[in-house]
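The values are calculated or read from the model by the stated rules, or taken from the named source; none is laboratory data. In this text, all values refer to a predicted model and were calculated from it rather than measured experimentally. Cβ: placed from backbone, ideal geometry, glycine included. Neighbour counts: every protein chain shown.
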Amino acid sequence: MTTADGYVVGIDLGGTKIRGGIATSSGEIIAELTVPTSGNGLMRQIVALVHALCTTAAVDANHIVATGIGGAGVPDPTGEGFDKAPNLVGVQNVSFAGELALALGHPVVIENDVNVAALGELQYGAGLSHRDFVFISAGTGIGMGIVSAGRLLRGAHGAAGEIGFLPIGADPLDPANRRRGPLEEMVAGDALTRRYALVTNEVLSSPEVFLRAEAGDPAAIASVNEHAKWIAIAIVTVAAVLDPEIFVLGGGIGSRKELLHLIFDWLARLGNSALDVRVSELGNSAPIAGAVRLALDSTESLAKGNPHEHHR
C-alpha cells in the first residue's frame, strides 16, 4: 500500500502523557487521543493507542503506512532508541523503533519531541510566515527545535537544541545537575512545584500553582515569576547564538499565555525587550502535527530509496 492510499499516525511521547493523532496522506488529522504515560510497558501502550486511534477514526489498522514518534530524548546513532531521555522509561539501549515496527506491522520513525513540534510549526504554524525561528518547549522539561532557512537543524549528533544542558541555572559543576541539565533543573515542571513547596510546605501540581497565582497567592506568584526569569534567560542566551526571527513557546508551561507577560518583563530587565516571543498558535497540536509530518516524510524517503534520510 502506498502513502496516498493509506494513513499515518503521529505520536507525542511525553514524560507524563502520550498523545496521538491519525492523519490522511495529505496530513489532515482526523482523530486524536491522549493517555497517561504508565512508566512501564511503554511499547504496549503505544500499540494500544495506535489501535484505539484506528477504532476512533474507523480506519483499518492494516491501512496505516507509518508511525512517527516524537520523544523526550535524542535519537541514538542507530535511529532505533533514545539517548538523554531521563523522563522516559524503556526507550534507551533498546531497538525501540524496530520492536514497535514489528508489533505494529509498519515502519516507525523516531525524533526528538521538540524537533517534532518545530516541524509542526514549520508546516502549519510559524513556518507559514517565518523561515528562521526556534520552538522552545517548557513543561516536564525544556528543549528547543531550530528551524533555519525553512529546514530543521539537528546537529552533528542529533542533539542541537538540547538547551536543558546549558550551564546556567543550577550549578553546572555539580554532577547531580548533569542527568537532565543545569537549566532544566530550574525550569522543569517539578522545579515550579518545588519552589512553591519550599515556601508553603504544600505540594501542588504545576497547573495548580498557576491557578493559585491567578488567585493572587503571593508564593505562587513568586514561584511562577522565578520560572519566567529562567525561561527569559534561556531566550536571551539562544538569541545571542542563533539570532532567530522569532521565538515560539510551547509545552504545558511554555504555552500558558499568562506566563508571557512575565517573560517580557524579564526580557526588558535583561535589555532584550525587542525580541519577538510568542506562544504557539497550534497549542497541543504542534507535536502531533509534527509527528504526522515526520511519518509522511519517512514514507517519501523510503519510496525514494533513502530509508535514513529523515535522520539527516
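Annotations
- Which listed residue is at pLDDT below 90, surrounded by fewer than 17 Cβ atoms within 10 Å (Cβ to Cβ) and either farther than 22 Å from Arg154 by Cβ or basic (Lys, Arg) (or both), from Asn40, Asn93: Asn40
- Among residues of the range 273-288, those that are in a loop (DSSP other than H, G, I, E, B), surrounded by fewer than 22 Cβ atoms within 10 Å (Cβ to Cβ) and of a type in the set (A, V, I, L, M, F, W, C), counted: 2
- Note on the range 201-214: residues that are in a loop (DSSP other than H, G, I, E, B) and either within 16 Å of Lys257 (Cα to Cα) or among the β-branched types (Val, Ile, Thr) (or both) amount to 1.
- Within the range 238-256, being surrounded by fewer than 21 Cβ atoms within 10 Å (Cβ to Cβ), in a helix (DSSP H, G or I) and touching a residue at least 40 places away in the same chain (Cβ under 8 Å) holds for Val238, Leu242, Gly252.
To keep it simple, each residue is scored yes or no on (1) charged (D, E, K, R); (2) in a helix (DSSP H, G or I).
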site	(1), (2)
Ala219	no, yes
Glu226	yes, yes
Ile233	no, yes
Val236	no, yes
His261	no, yes
Gly271	no, no
Gly290	no, yes
Arg293	yes, yes
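- Test for Thr200: is it modelled with pLDDT of 95 or more and under 21 Å from the mean Cα position of the chain (by Cα): no
- A count restricted to the range 146-167 and to residues that are touching a Pro at 6+ places or on another chain (Cβ under 6 Å) and modelled with pLDDT of 95 or more stands at 1.
- Residues of the range 141-158 classified as in a loop (DSSP other than H, G, I, E, B) and either among the aliphatic types (A, V, I, L, M) or surrounded by fewer than 24 Cβ atoms within 10 Å (Cβ to Cβ) (or both), total: 7
- The number of residues in the range 156-189 that are in contact (Cβ under 8 Å) with a residue 12 or more places away in the chain and acidic (Asp, Glu) comes to 3.
- Residue in the range 257-272 that is under 21 Å from the mean Cα position of the chain (by Cα), surrounded by fewer than 18 Cβ atoms within 10 Å (Cβ to Cβ), of a type outside the set (S, T, N, Q) and at pLDDT below 95 present: yes
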